[in-house]
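Trainee: Okay, handing you the structure first.
Each value in this text was obtained by applying a stated rule to the coordinates, not by laboratory testing. Note that the structure is predicted; figures quoted are calculated from it, not measured. With ideal geometry, Cβ positions are generated from the backbone for all residues, glycine too; neighbour counts draw on all protein chains shown.
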Amino acid sequence: MNEQQTRDLERAIATDPRTHELGIRLQVRGDHLVVSGEVASEARRAMVLEVIRDHDPGLDIVDYIVLSAEPGPGEPQHEQIDPPRR
């Protein structure tokens, strides 16, 4: 896979209706395609990898995709900030 094909695949990941992921980066290292970035869930990671495999099933993929930190049980979803009083 050359640099242009790599950029085309990044564009496919960004525009495919299954993913729409803009933060995924691809690098060719020898015979491997290194996939990195951050997604919101394991399902999103699987969809990104599926789009890559659909594009080129023979690629040897190295997955460095990380999951976004999600609040655990009992942790606040968002901190409420009150506007300043006048």
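Trainee: Separation between the Arg85 and Gln27 pseudo-spin-labels, each 7 Å from Cα along Cα→Cβ, expressed in nm?
Mentor: 5.3 nm
Trainee: List the residues, sorted by chain then number, that are 5 or more residues from Leu33 or on another chain and whose placed amide H is less than 5 Å from its amide H.
Mentor: Under 5 Å from the amide H of Leu33: Asp60, Ile61, Val62.
Trainee: Also: Could you give each residue of the range 40-54 its phi-based ³J(HN,Hα) in whole Hz, using Karplus coefficients 6.51, -1.76, 1.60 with θ = phi - 60°, and x for Gly or Pro?
Mentor: Going residue by residue, I get 7, 7, 5, 5, 5, 4, 4, 5, 4, 5, 5, 4, 4, 5, 5 Hz, with x marking Gly and Pro.
Trainee: Grab the other residues whose beta carbon is less than 11 angstrom from that of Gln5, score K and R as +1, D and E as -1, and report the net.
Mentor: -2
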